[in-house]
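Derivation of every value follows stated rules applied to the coordinates shown; laboratory data play no part. Note that the structure is a prediction, hence the values are computed from the model and not measured. So basically every Cβ, Gly included, is an ideal-geometry build from the backbone, and we count neighbours across all protein chains shown.
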Amino acid sequence: MTDGAKRSVALVAPYAAWMELMVTLPATAWAYAVRGAVTAALLIAALPTLLRQAPNPVNPVPTPAANHEPRITKAAFSVLAGLLVFVVWIAPEMWLGSLPGIPAAAPLAAADSPYSPEVCGWALTIAKLAASAFVISAAEELFFRRWLVDFAGFWWMVALFAVEHGDRWAVGAAAGVVYGLVARRFGLFAAIVAHAVTNLALGLLVVFADHWEFW
């Protein structure tokens, strides 16, 4: 296998495994934990390949400009971008549901969510929070913001990221644009951080403010 093929496998395999297990396993907390563990293992296995400084002929990330940005600037921008996507994600359903064409989020009681502590226990709820914040965010960024951008281009990436999020396609598209611009300007790791901030903030909202409909 060539170095390019190995790199493609490293970028695609964690996300492919996540999606395959999402289809084949039931929508339960333990199944989510299994998906998170398998995907995390593939991400760890992919690290040696991904850390090699192989040139990216289509869309080099990070850009030369990103290499000269102070780390604190990259970190602050990544966190702010993640929080921006978080607000954009929840705003239509929580605050704009009375507007035409924007349905309000249907509240979901903790007792009706398979991921709430009273249903599955705190250990599996925390596993869900950790996997959504730190595992799927990394797997999606590797696939969408690196491999798919290189393979199909920026706007196809945005379109497919929107489709992946089903009824929330509009906010999915907005998130794809933001994360894509962060990756282009500051590098792929910055996009992973932004995505992790979004998912962590959303998970904390779900767990501590009882908005289980977002999970």
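For THR49 and HIS165, the FRET efficiency from 1/(1 + (r/R0)^6), where r spans their Cβ atoms and R0 equals 30 Å, is about 0.60.
Annotation for VAL34 and ALA123: the two label points, set 7 Å from Cα along the Cα-Cβ direction, are 1.7 nm apart. Relative to the dominant Cα principal axis of the chain, helix 29-51 is inclined by about 10°. For the chain, the alpha-carbon radius of gyration amounts to 1.03 times the rule-of-thumb value 2.2 N^0.38 Å expected for a compact globular protein. In a reduced charge model with +1 at each Lys and Arg Cβ and -1 at each Asp and Glu Cβ, the chain shows a dipole moment near 800 debye about its Cα centre. Enter the angle in degrees (range 0 to 90, nearest 10) between the Cα long axis of helix 188-209 and the first principal axis of the Cα atoms of the chain, meaning the one along which they spread out most. That works out to roughly 10 degrees. Applying 1/(1 + (r/R0)^6) with r as the Cβ-Cβ distance of THR24 and ALA75 and R0 = 45 angstrom yields a FRET efficiency of 0.75.
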